[in-house]
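The values are calculated or read from the model by the stated rules, or taken from the named source; none is laboratory data. The shown structure was predicted, so the numbers you read here are calculated from the model rather than taken from an experiment. Cβ coordinates were reconstructed from backbone atoms using ideal geometry, including for glycine residues, and neighbour counts include every protein chain displayed.
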Amino acid sequence: MIHQATIADYDALHGVRMAVRENKLSDPSKVTFKDYASMLEGQGKGWVCEDDGRIAGFAIADLQTASIWALFVLPDSEGRGVGKLLHHTMLEWCFEKARLPGLRLSTDPGTRAEAFYRRAGWQAAGAEANGEIRFVLTKQQWLKQRRRENNPLKNSGGGSLKEGS
């Protein structure tokens, strides 16, 4: 089930962030409780996906910079649609509710995340100083991709994953 993330979810969110196999933090102390609090209680908005009573993944959009701050899934929940459901929920909100004209993000090249974003319609737009690939996505590109995927917010598989508030 997808629902809005709150700062009360911090331990689970940080646990997911530290468990990932790719795009690991080189210095975990650089992303603090204060950073999560800022994103969830003012600067951004986040969502969690619960599966079997635990947080299997989370996504956070930074509304001030119109960027994706985080999208991470527990390794044992990969391949179950958690990331796609979080991604689509977040983009739907950013483009329809927050009315952002476009979004950006960056990720390490050669990762599953890079392939995921390319499949989701994001366009490469250069490189960051740290070597990460910069991606952009406009609302129009998102709408075109969403039509192509025929409403991905509907859960086509079994299990307990479903869209919530």
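Just one of the listed residues (Leu137, Leu91, Leu105) is assigned to a helix (DSSP H, G or I), at pLDDT 95 or above, in contact with a Lys or Arg (Cβ under 9 Å, 6 or more places away or on another chain) and closer than 27 Å to Thr6 by Cα, namely Leu91.
With respect to the conditions (1) touching a residue at least 12 places away in the same chain (Cβ under 8 Å); (2) within 18 Å of Gly15 (Cβ to Cβ), Ile68 falls short on a single one, namely (2). Of all residues in the range 102-129, those that are over 23 Å from Leu143 (Cβ atoms) and of a type in the set (D, E, K, R) have Cβ atoms under 9 Å from Cβ atoms of residues that are assigned to a helix (DSSP H, G or I) and at pLDDT 95 or above, 6 or more apart or on another chain, in Asp108/Glu114. With respect to Glu114, determine if the residue is among the acidic types (Asp, Glu), at pLDDT 95 or above and closer than 24 Å to Ala56 by Cβ. It is true that Glu114 is among the acidic types (Asp, Glu), at pLDDT 95 or above and closer than 24 Å to Ala56 by Cβ. Within the range 114-137, being out of contact with any Gly (no Cβ under 9 Å at 6 or more places or on another chain) and closer than 21 Å to Gly81 by Cα holds for Glu114, Ala115, Tyr117, Arg118, Arg119, Ala120, Gly121, Trp122.
For the range 1-68, the strands (runs of 3 or more DSSP E) that sit wholly inside it and include 2 or more residues that are out of contact with any Cys (no Cβ under 7 Å at 6 or more places or on another chain) and either surrounded by 17 or more Cβ atoms within 10 Å (Cβ to Cβ) or at pLDDT below 95 (or both) are 44-51, 54-62. Scanning the range 69-88 for residues that are farther than 17 Å from Gly121 by Cβ, under 13 Å from the mean Cα position of the chain (by Cα) and assigned to a helix (DSSP H, G or I) yields one hit, Val82.
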